[in-house]
Structures are given as structure tokens and as C-alpha cells.
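First the structure, in the form of C-alpha cells, and then the observations on it.
Each value in this text was obtained by applying a stated rule to the coordinates, not by laboratory testing. Being a predicted model, the structure only gives us computed values, none of them experimental. Heads up, the Cβs are rebuilt from the backbone with ideal geometry, glycines too, and the neighbour counts pull from every protein chain shown.
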Amino acid sequence: MRKWFLVAAGALLIAPGGLWLITSAQAPVGAALKPAAQFTNDQLMRPENYREWIFVGCPVTPNDMNNGHAAFPEFHDVYIDRTAYEEYARTGTFPEGTVFVKELVSVGAKQAASGKGYFPGKIGGIAAAVKDSKRFGGDRNGWGYFNFGEAKTASVMGAADCNACHKQNAAEDMVFTQYYPVLGAAKAEPKAMPPEKTEKGTTSRGYTY
């Protein structure tokens, strides 16, 4: 009869003929995570697997609510990389290396079983924003904006194209957090940090023990 036992590296199988260790496919402890923003020759490479990141919001400014000429008539499906999201939820700030991906989706049907509205149509490419204060200093305020369309790489857009609008209208650090309720909920519930003991009987964060 075969028996299974869980061990740190995977599973231990007791079977006729001896013991067999079946290892898991998890990354080694302490292995470095690949940064969400990857550059080649000063061009941003198209982010991989961004749909597995954290979805934060989906604003839309349809043409028929803007005299037929909306500046951005598509749905903007916006994702943030997981590392940046966790840091934002913990500290309330976007760390260096934060990446947002904006997937552009056309407005499709305006009638569904639930009633009238605006419903997603077809995907029309992606854009991205990267926080990198060294790379995007000056009037860029630490952020670079990229429009990929369907391409695999993209050059940073001019500061007048995106940065000026974000600086004037975004609620927080060049990010339109006012339209991303998932980020608002994450920031409203800061994660408690475990106390750290010191020789004087208090923690470095001011707690006593």
C-alpha cells in the first residue's frame, strides 16, 4: 500500500522498492523576482502575463457622451504588477519599478439582457506606465508612458503627451487612483507590521513589550 507524506520540498512516497521524493516546481527560497519593467535599448518590452496581475479598474469615456469625439473612447482595463500592489497596500505609496498596464477595449454592444449600457467589444492593444525616477526625471515626475498597440517594444512618449495631464489631474503620484476602487480599498486597510524587539524593551516602531 502506498502512503504519502508532505515534506518541505514536495511529497514523500512510500512504495515497494524504497522511498521516493517528488519535488515541487516552486522557485527556490530567496530567488530574485524578475522586475515587471524590462528594457532593451531604452525601449520597454511588452509586459508578459499582465492579465495575471491585479486588476484595479475599468474607466470608459464613450463617444456618445462626449459629442462623438471622446479623447479616449475605449474601456481601459487597468492592471498593476503584484509586487507594486502589495507595497502600495502596505505603505500607501507606489514603489520604484511600479508598472501599470492599460488594455484598450472598444465599446461593443449597448444592450444586454440586464438592460442598456456600455459593454466591452474587442481588444485594441495596450499601453503602460512605469515609475522610475532615475530614468524619467525632470518634468516627467518619475513616470514614463508607453503605447504598444500590438508591438513587442515601445519608446517612451513625450512628457507633453501624458505626463502633463497626469500631473494636473491624477489624484496621487501621477496615478488616477480616484478611478481605481481596488487601490482605494487596499489603501484603506493598511497591513499591520509585526513588532521588532530592541534591547531597550520597545520596538523600532514604537510598541512596548
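If each residue's Cβ is checked for other Cβ atoms within 10 Å, how do Glu172, Glu150 rank with the fewest at the top?
Working: Glu172 16, Glu150 9.
Ascending number of Cβ neighbours within 10 Å: Glu150, Glu172.
Pop the C-beta distance of Lys110 and Ala71 into the FRET formula with R0 = 22 Å and round what comes out to the nearest 0.05.
The calculated FRET efficiency here is 0.65.
Could the peptides 61-70, 47-56 be put in order, highest first, of the mean number of other beta-carbon atoms found within 10 Å of their residues? Intermediate values should be presented prior to the final figure.
Numbers: 61-70: 11.3, 47-56: 15.7.
Packing order, densest peptide first, comes out as 47-56, 61-70.
Shape call for region 39-188 from the C-alpha gyration tensor, a ≥ b ≥ c root eigenvalues: rounded (a/c under 1.5), prolate (a/b greater than b/c) or oblate? Each step should come with its number before you reach the end.
Working: a/c = 1.64, a/b = 1.40, b/c = 1.17.
Judged from the Cα gyration tensor, region 39-188 comes out prolate (a/c at least 1.5, a/b above b/c).
Once you charge only the Cβ atoms, +1 for Lys and Arg and -1 for Asp and Glu, what is the size of the charge dipole of region 39-188 about its Cα centre, to the nearest 20 debye? Intermediate results must be reported in sequence, preceding the final value.
On the way: 15 positive and 17 negative charges, 38 e Å.
Charge dipole, region 39-188, about its Cα centre: 180 debye, nearest 20.
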